[in-house]
Amino acid sequence: MALTGADVAKHSKADDCWVIVHGKAYDVTEFLPEHPGGSKIIVKYAGKDATEEFEPIHPPDTLDKYLPKSKHLGPVDMSTVAKEKTEESPDEIERQKRIQEMPLLEQCYNLLDFEAVARRVMKKTAWGYYSSAADDEITLRENRSAFQRMWFRPRILVNVEKVDFSTTMLGTPTSIPFYVTATALGKLGHPEGEVVLTRASQKHDVIQMIPTLASCSFDEIIDAAGPGQVQWLQLYVNKDRAITQRIVQHAERRGCRGLFITVDAPQLGRREKDMRTKFTEQGSNIQDGQVTDNSQGAARAISSFIDPALSWADIPWFQSITKMPIVLKGVQRVEDVLKAVEAGVQGVVLSNHGGRQLEFSRSAIEVLAETMPVLREQGLDGKIEVYVDGGVRRATDILKALCLGAKGVGIGRPFLYAMSAYGLDGVDRAMQLLKDEMEMGMRLIGATNIAELTPALVDSRGLFSHAAPPSDNLASAVYDPLVNPGQRVGVAQAKSRL
Ligand SMILES: Cc1cc2nc3c(=O)[nH]c(=O)nc-3n(C[C@H](O)[C@H](O)[C@H](O)COP(=O)(O)O)c2cc1C
């Protein structure tokens with residue numbers, strides 16, 4: 001017989017704590033001290049339905065994996081569970097109004113349009129997580145401005161009636177040289193999570209990189225793919241290498257065609273925008289009259305397993321456990337690209353993690369311009385595939401990267417924003433817009449296929465100029481400007497002040 005809401009509500013304390021998730025009750029009392037996100041967030045839901053809070057952060061198989069079967073108490077008759085009276089905050093009421101007034105999808109003409117809409121209609125906490133970057137967000141903005149310091153040198157009078165921008169990445173054909181890069185916690189933006197990106201990628205014959213920290217389970221994302229659809233795995237390496245080995249070999253068995261090991265995140269960057277939104281939104285910050293800072297809670301907790309001891313010495317081990325091509329994601333200097341060639345991996349992604357890790361990392365496009373001439377000089381450019389990500393918003397950005405020698409580019413936030421605002425149709429349109437821009441861009445620079453995109457088509461002299469970094473917003477806001485002298489002070493007035 002199913003439990004009732006009243007049965008569960010009796011267990012509403014830290015030393016006797018039941019919660020409901022997806023219509024089933026769980027006794028989590030003994031698990032509380034082990035919860036990577038701390039016990040407080042669970043105790044807040046003691047005796048209640050925690051599904052809404054649980055859902056985006058935990059893949060569906062989490063409870064089966066981490067909570068002993070004896071603590072699974074069975075189904076709850078949800079008609080007997082008192083609905084939480086969530087008083088709608090004025091912010092939420094405003095947001096709902098903005099959703100009603102959202103522009104039609106057809107009014108979005110480029111990827112930045114999706115960002116503008118998402119900013120207005122997404123929940124503050126989700127927006128905070130997706131949009132934030134490290135420290136003063138100078139690298140985040142540099143990722144965009146670097147592309148704006150590169151210009152084209154188009155060829156004219158080339159027959160561009162037919163242009164073909166299909167290519168191959170890690171040996172598999174794909175329709176266009178961009179892929180959906182790995183971004184964690186898809187369900188913060190859309191109730192269905194990452195599978196929305198899978199479906200759009202299938203429609204457009206685009207490759208998807210599956211994040212270790214997806215909201216959907218890995219198998220759900222694989223199962224959502226169509227026949228022959230290419231997916232890669234992004235890997236955060238666990239301190240427990242047996243777990244890592246299981247994840248990698250499972251991915252290979254399920255048909256993943258590339259292993260992208262993230263190497264720029266031994267510790268999570270400090271993303272203050274994200275911290276601030278959580279601080280103001282979560283009532284749980286004030287407990288027993290004490291203000292506690294749990295603002296990095298979820299993001300830090302879910303990544304606490306990542307091994308900061310990961311090093312070059314681990315690479316042969318990865319090569320011994322998988323036949324998938326291995327790519328290092330988050331390389332930031334040519335010296336490390338050369339080391340990657342030496343280590344015998346198949347690729348690198350030049351990336352600063354969308355500006356979310358080391359502040360004052362250079363843009364990937366700049367590191368690419370540093371890297372490719374060295375690889376060519378040493379005859380190594382055919383030995384390794386070089387990818388870039390960060391700040392790609394237009395097909396002209398893709399073209400610039402390919403002209404410099406990238407095999408392809410990763411795109412992160414734009415697809416999250418399109419998905420959050422418009423769901424599958426949004427991601428579909430975003431991909432189509434990129435394809436339309438790509439066709440036009442190829443024609444206008446005089447290239448009919450990917451092989452014709454060469455360094456001669458770009459002027460990248462400005463790329464290395466860091467003369468004027470993007471403005472430092474926080475410092476500007478607190479800067480007290482110098483002022484000119486005010487009114488002349490009369491002698492009598494001046495004397496009276498003495
Ligand atoms: C919300 C969000 C979550 C991310 N999660 C991961 C992750 O789990 N693993 C990873 O290797 N990179 C992650 N990244 C970094 C992306 O893979 C990629 O490097 C970056 O988003 C590219 O920049 P862009 O967003 O400007 O396109 C994340 C980025 C964002 C914006």
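Remarks
- From the options 29, 51, residue that is surrounded by 14 or more Cβ atoms within 10 Å (Cβ to Cβ), among the polar types (S, T, N, Q) and under 27 Å from residue 219 (Cα atoms): 51
- When residues of segment 277-318 are limited to those that are of a type in the set (Asp, Glu) and modelled with pLDDT of 70 or more, the one farthest from the chain's Cα centre (by Cα): 314
The rows are residues; the columns are (1) more than 16 Å from the ligand (Cβ to nearest atom); (2) aromatic (Phe, Trp, Tyr); (3) open to solvent by less than 10 Å² (accessible area, probe 1.4 Å); (4) modelled with pLDDT of 95 or more.
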site: 163; (1), (2), (3), (4): yes, no, no, yes
site: 171; (1), (2), (3), (4): yes, no, no, yes
site: 203; (1), (2), (3), (4): yes, no, no, yes
site: 224; (1), (2), (3), (4): yes, no, no, yes
site: 233; (1), (2), (3), (4): no, no, yes, yes
site: 244; (1), (2), (3), (4): no, no, yes, yes
site: 249; (1), (2), (3), (4): yes, no, no, yes
site: 264; (1), (2), (3), (4): no, no, no, yes
site: 270; (1), (2), (3), (4): no, no, no, no
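- Helices (runs of 4 or more DSSP H) lying entirely in segment 319-420 (those with 3 or more residues that are over 20 Å from residue 145 (Cβ atoms), open to solvent by less than 30 Å² (accessible area, probe 1.4 Å) and more than 14 Å from the ligand (Cβ to nearest atom)): 334-343
- Within segment 447-472, the set of residues being closer than 19 Å to residue 368 by Cβ and of a type in the set (Gly, Ala, Ser) comprises 447, 451, 456, 460, 462, 465.
Listed here are the residues, each with its yes/no results for (1) in contact with a strand residue (DSSP E or B) (Cβ under 7 Å, 6 or more places away or on another chain); (2) outside the structural domain of residue 215 (by TED's automatic domain parsing); (3) open to solvent by 80 Å² or more (accessible area, probe 1.4 Å); (4) modelled with pLDDT under 95.
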residue	(1), (2), (3), (4)
65	no, yes, yes, yes
72	yes, yes, no, yes
86	no, yes, yes, yes
91	no, yes, yes, yes
98	no, yes, no, no
115	no, no, no, no
118	no, no, no, no
146	no, no, no, no
166	yes, no, no, no
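- Within segment 130-140, considering residues that are assigned to a helix (DSSP H, G or I) and closer than 19 Å to residue 330 by Cβ, the one nearest to the chain's Cα centre (by Cα): 130
- Restricting attention to segment 307-318, the residues being within 16 Å of the ligand (Cβ to nearest atom) and either open to solvent by 10 Å² or more (accessible area, probe 1.4 Å) or of a type in the set (Asp, Glu) (or both) number 3.
The values are calculated or read from the model by the stated rules, or taken from the named source; none is laboratory data. Owing to the predicted nature of the structure, the values given are computational and were not obtained by experimental measurement. All Cβ positions, even for glycine, are placed from backbone atoms using ideal geometry, and neighbour counts span all protein chains on display. Heads up: the accessible areas ignore ligands, DNA and RNA and are worked out on the full protein's heavy atoms, side chains in. Shrake-Rupley method; radii C 1.70, N 1.55, O 1.52, S 1.80 Å.
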